[in-house]
Ligand SMILES: *Cc1c(COP(=O)(O)O)cnc(C)c1O
């Protein structure tokens, strides 16, 4: 067995019995690597650049469920709107409105997660918890018939302090629960909690993650060029 297969099986074994599904983060990896994971049964792949995603989508099997996980510029939405299964990284009202517009043009309803900025690093995107609650309370999202908000996404601080990481995930899980009650009337489809990456997915799963986004642990260290 190749390293990729072994890595994938190891991760899937760890997730077995939990609520979490695997998003295999394939950014910067070639289509052949995705095909190899696909041949092992993996169907959900995550990408963070619209152009890279579109060219992979065209060359790979059509039953792949593509997830967009990175910061998405509004002018790129149109390229992925026809096929994207879930956008994890909705971080502004403007982006929500553009996804809605493109979804309506392609006669789709696009599932979206709202990204929560919980980490210490300023470089990370997302709504601060307070901004998120205010945005939802304003009701701006309610008329957007082309999108369905199915949960929250976050990235924890990049640190070895597992106590801190666990606290961040726990905060977002609690926020998810409050939002689900207050704004979504406990709708069953508001169920996703996208949290956990290669370095912290075990903690995330422990804290109730439903979607872990794992890249390097499966595909190896990324080569940026
Ligand atoms: C790249 C990326 C991941 C995967 O990171 P790994 O550390 O390689 O598992 C997860 N989530 C987001 C938003 C990413 O950009």
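The values are calculated or read from the model by the stated rules, or taken from the named source; none is laboratory data. All values derive from a computational prediction rather than experimental measurement. All Cβ positions, glycine included, derive from the backbone under ideal geometry; neighbour counts span all protein chains shown.
With respect to residue 81, determine if the residue is over 21 Å from residue 192 (Cα atoms), touching a helix residue (DSSP H, G or I) at 6+ places or on another chain (Cβ under 7 Å) and modelled with pLDDT of 95 or more. Explain how you work it out, then say what you get.
Working: over 21 Å from residue 192 (Cα atoms): no; touching a helix residue (DSSP H, G or I) at 6+ places or on another chain (Cβ under 7 Å): yes; modelled with pLDDT of 95 or more: yes.
In short, no.
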Query raised in the report: When both residues are 6+ apart or on different chains and their Cβ atoms are under 8 Å apart, which pairs have a first residue that lies in the stretch 29-40 and is closer than 16 Å to residue 51 by Cβ, and a second that is at pLDDT below 95 and surrounded by fewer than 17 Cβ atoms within 10 Å (Cβ to Cβ)?
Result: 29/222
Query raised in the report: Does the stretch 200-221 hold any residues that are near the ligand (Cβ under 9 Å from one of its atoms), out of contact with any strand residue (DSSP E or B) (no Cβ under 7 Å at 6 or more places or on another chain), within 22 Å of residue 87 (Cα to Cα) and part of a loop (DSSP other than H, G, I, E, B), and which are they?
Result: 200
Query raised in the report: Would you say residue 181 is within 14 Å of the ligand (Cβ to nearest atom) and either at pLDDT below 95 or outside any loop (DSSP other than H, G, I, E, B) (or both)?
Result: no
